[in-house]
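Have a look at the structure below before the remarks.
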Amino acid sequence: MKLSEIDKIELGFLQFDDYLSLKDVMVAAYSTMPEAYWKEHHIRTLINKFPEGQVIVKVNGQIAGCALSVIVNSAKLENNHTYRQVTADYTFNSHTNEGDVLYGIDVFIKPEYRGLRLGRRLYDYRKELCEKLNLKSILFGGRIPNYHKYANEITPKEYIEKVRRKEIHDPVLNFQISNDFHPTKILKGYLEGDQASNEFAVLLEWDNIYYEKRINKVNTKLRVVRLGLIQWQMRPYKDVASLMQQAEYFIDTVSGYRSDFALFPEFFNAPLMAMNNHLSEPEAIRELAKYTDEIVQKFSNFSISYNINIIAGSMPEVKNGNLYNVGYLCKRDGAVERYEKLHVTPDEAKVWGMQGGHEIKVFDTDCGKIGILICYDSEFPELSRLLADDGMDILFVPFLTDTQNGYSRVRNCAQARAIENECYVAIAGSVGNLPNVHNMDIQFAQSMVFTPCDFSFPTNGVKAEATPNTEMILIADVDIDLLRELHQLGSVRNLMDRRKDLFELKRKK
């Protein structure tokens, strides 16, 4: 059929009254196997058991194609299951609403309508249905009808590889791969009488990136997450109470906008060192470390009372006699977790005698998995890549930079982390001056939220940005589902396309 002859294309659910018209389509589609079409009782059973899974496409009011499917429990599929087994000997008693996989039973297009990409419409419907029903994937056994030509020369596995490399043309397998299905294994003896495929089939799968495993408790994990960044003004404070009063003001403000996270900068409590300015720099910062436990406890209280997850920037902490730069994630459920700065700057080591930490990890929150890297750590791409491999969606970077040069290093590296790891990156720093605190005289900052660069995101990769060197808050919403789409369907796929055959990145024990 020519495109100029088409007035209307529509999808609809298969009705039993459609059977006679459907039979004509099946007989035409299965011209090499004229008796292989589905009988009336088969279609009636499928419609009764799972009406949403049986869909037809019409062209000018005439049935042009059909897709049939059931829901099965993947755990009950045999490793090398057959078509007869997955259909329960063609009774379709294998269908269960409690299953986790949409299994494709059949797809066929009448020959005169081929070339109109009607099959793609049927597959797109299946994908939407899979997402709607929260099933983890679509599975089916794909025939390899040209394999009989090569069966004496290569194995089915080699055949698939040659098809993927375009060395062999296989109309069925090529179509499935172009529709985002990927081969998972070879099924031997799958369809009785399929001589063209030597009774081999390829188990093909499409992963539902939105799938959420069913649990027996209320699921409160958010998909659109609101970030509250605090661009902190360095100013004198007479004691911890006045410092935390200012911190609570900002927490109250961002929680009032229903933010899920409040991000504070690195060393936001540095103004308290002014009272120890008579001491040497190493002594003064160790005195500052004595307030860390008290500050963390107050932050934890705020996280509960204001119902917000607080990333408490960073503070000095003495552990086993060693001085570290650490921060705490205070969750709104009351849990508190610790993170460490792994790379200390030359200045931190020289002036304060600070040492780098040893632990890097992803944190589970009610908004998904997050990572936290303190300032200089964001300039080492290996760290964020390890976090991305562990499922990180949002990377938080509390920082402190004195000059615009230092800020530019953090800013540019943070934006690179968002692109290469296909994640969101939020950075927050301090502004203002502390003339009465040695080694902390001036600060420069512009807090920002970065995104990957693709069609669903800002063209410049910047979701939101604060005014430079001005005390303020920055609020931004980030959509986690957009990251899932990017991982699978992005213009480029930095995570998926890594050449792991050439290089690898792993932790040392």
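The values are calculated or read from the model by the stated rules, or taken from the named source; none is laboratory data. Note that the structure is a prediction, hence the values are computed from the model and not measured. Quick reminder, even Gly has a Cβ in these numbers, built from the backbone with ideal geometry, and neighbours come from all protein chains shown.
Screening the range 188-291 for strands (runs of 3 or more DSSP E) wholly inside it with 1 or more residues that are within 30 Å of Val172 (Cα to Cα) and not assigned by TED's automatic domain parsing to the domain that holds Lys341 returns the ranges 200-207. Tell me, yes or no, whether the range 487-501 has at least one residue that is more than 16 Å from Val425 (Cα to Cα), in contact with a helix residue (DSSP H, G or I) (Cβ under 8 Å, 6 or more places away or on another chain), in a loop (DSSP other than H, G, I, E, B) and free of Cβ contacts under 8 Å to residues at least 40 places away in the same chain. Yes: the range 487-501 contains one or more residues that are more than 16 Å from Val425 (Cα to Cα), in contact with a helix residue (DSSP H, G or I) (Cβ under 8 Å, 6 or more places away or on another chain), in a loop (DSSP other than H, G, I, E, B) and free of Cβ contacts under 8 Å to residues at least 40 places away in the same chain.
May I ask you to verify whether Gln446 is touching a strand residue (DSSP E or B) at 6+ places or on another chain (Cβ under 7 Å) and part of a loop (DSSP other than H, G, I, E, B)? Give the steps one after another, and end with the answer.
Details: touching a strand residue (DSSP E or B) at 6+ places or on another chain (Cβ under 7 Å): yes; part of a loop (DSSP other than H, G, I, E, B): yes.
Criteria met by Gln446.
Scanning the range 131-153 for residues that are closer than 22 Å to Asn79 by Cβ and under 33 Å from the mean Cα position of the chain (by Cα) turns up Leu135, Lys136, Ser137, Ile138, Leu139, Phe140, Gly141, Gly142, Arg143, Ile144. Considering only residues that are in a helix (DSSP H, G or I) and closer than 25 Å to Leu263 by Cα, which ones fall in the range 474-486? Scanning the range 474-486 gives Ile480, Asp481, Leu482, Leu483, Arg484.
Could you tell me how many of the residues in the range 143-169 are basic (Lys, Arg) and in contact with a Ser or Thr (Cβ under 9 Å, 6 or more places away or on another chain)?
Qualifying residue count for the region: 1.
Quick one: in the range 201-253, of everything that is aromatic (Phe, Trp, Tyr), out of contact with any Phe, Trp or Tyr (no Cβ under 7 Å at 6 or more places or on another chain) and closer than 30 Å to Pro183 by Cβ, which residue is modelled with the highest pLDDT? Lay out the reasoning, then the answer.
Of the residues in the range 201-253, the ones aromatic (Phe, Trp, Tyr) are 206, 210-211, 232, 237, 249-250.
Filter once more, so that each one left must be out of contact with any Phe, Trp or Tyr (no Cβ under 7 Å at 6 or more places or on another chain): 210-211, 237, 249-250.
Now drop any that are not closer than 30 Å to Pro183 by Cβ, which leaves 210-211.
Values: Tyr210: 84, Tyr211: 87.
Ranking the qualifying residues of the range 201-253, first place goes to Tyr211.
Lys319 satisfies every condition listed in (1) without any contact (Cβ under 8 Å) to a residue 24 or more places away in the chain; (2) touching a helix residue (DSSP H, G or I) at 6+ places or on another chain (Cβ under 7 Å) except (2).
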